[in-house]
1. Identify which of 81, 35, 117 has the largest mean-square fluctuation in a Gaussian network model of the chain, with springs joining Cα atoms closer than 10 Å.
2. Angle, helix 110-133 long axis vs. longest principal axis of the chain, Cα atoms, 0 to 90°, nearest 10?
3. For the chain, what proportion of DSSP beta bridges, expressed in % and rounded to the nearest 5, is antiparallel?
4. With a 10 Å cut-off between alpha carbons and a GNM built on the chain, which of 67, 20, 115 moves the most?
5. Return the single residue from 58, 89, 108 with maximal mean-square fluctuation; model: Gaussian network over the chain, springs between Cα atoms under 10 Å.
6. Between residue 70 and residue 57, 0.36 nm times their residue separation minus their Cα-Cα distance comes to what?
7. At what distance in angstrom do the alpha carbon centres of segment 6-55 and segment 65-140 lie from each other?
8. For the chain, report the % of Cα-Cα distances exceeding 18 Å.
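Taken together, the values in this text are just the output of simple stated rules run on the coordinates, not laboratory data. Only a predicted model underlies this, so the values are computations on that prediction, with no experimental measurement involved. Here Cβ is always computed from backbone atoms with ideal geometry, including for glycine, and neighbour counts include all displayed protein chains.
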């Protein structure tokens, strides 16, 4: 499959309505609470979020709010490289499933890709725990 990258769809089901989950995930201010790979501090600068963390200072550009459950975001690394992170929140019975598509970019070793997948799994587990223990009226 020349021209295609390896991908992994990593998902978690959350016992909260899709609108609640979407509102939480789409709010860039909440990234520091569940997206550990980005950083521990985040601030808004114009239309972007700036995170400080293990990768240094990165910019996060969130997709515009929508009714489709799409919460894609681009991460701009200190080198200027842009990593696209597709995320979907879909209805699942009375709750939701969040699906993160992880792409193995050129030059990324198999072990690094596996480590990235583990980080995403950890982050989605944190997201689930946060949303399932947070009262329904304070999801954002």
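1. 81
2. Taking Cα atoms only, the helix is inclined about 10 degrees.
3. Counting only bridges with both partners in the chain, antiparallel ones make up about 100 percent.
4. Among 67, 20, 115, the largest GNM mean-square fluctuation belongs to 67.
5. 108
6. 2.2 nm
7. So the separation of the two Cα centres works out to 7 Å.
8. 56 percent
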